[in-house]
Amino acid sequence: MAVDPQVRTGLDEETQRRLAENESRFRLANERIEGAALRFDGRDKHYPFVCECGRMNCRQLLSLTIAEYEHVRSDPLWFVHVPGHAITTSGVATIIERQPGYDIIEKQGLPAEVAEATDPRSRSRA
């Protein structure tokens, strides 16, 4: 018998999907920021990346080097968030790393499926 995602996470499936899709849109914006940064300067400077939380009204910026951003992007389930922005309800996400000024979040369950399906670096999407 399948477990209702709302029972596991406290969030209904539509809300989980919407939040994950929002996070994926912010991740795509950060991919563009990284591309522009690489064309202009290089890897050693800090660049403004957008918080990849699922909150539609979040416009907060994070300061990361290209190497720090690449670390986050090394896994399609990882996202970068302003501290305190992660929805860590059981079965949705876990904070896997805390850095000065940002947290790295790992998606789980339905949000992980959306993250993998929308990963712009995935070979299967090429």
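Here are the numbers for the structure shown:
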read-out	value
Label-point separation in nm, Glu21 to Asp44, each point 7 Å along Cα→Cβ	4.3 nm
Contour minus Cα-Cα distance for Ser74 and Met56 (0.36 nm per residue)	4.0 nm
Size-normalised alpha-carbon gyration radius of the stretch 8-119, reference 2.2 N^0.38 Å	1.02
Shape of the stretch 63-126, Cα gyration tensor, a/c cut at 1.5	oblate
Normalised contact order of the chain, rounded percent, pairs of Cα under 8 Å and 6 or more residues apart	24 percent
Extension gain, Ala36 back to Ile96 (0.36 nm per residue minus Cα-Cα distance, nm)	18.8 nm
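Just so you know, all these numbers are worked out from the coordinates, no wet-lab data involved. Note that the structure is a prediction, hence the values are computed from the model and not measured. Backbone-built Cβ (ideal geometry, glycine too); neighbour counts: all protein chains shown.
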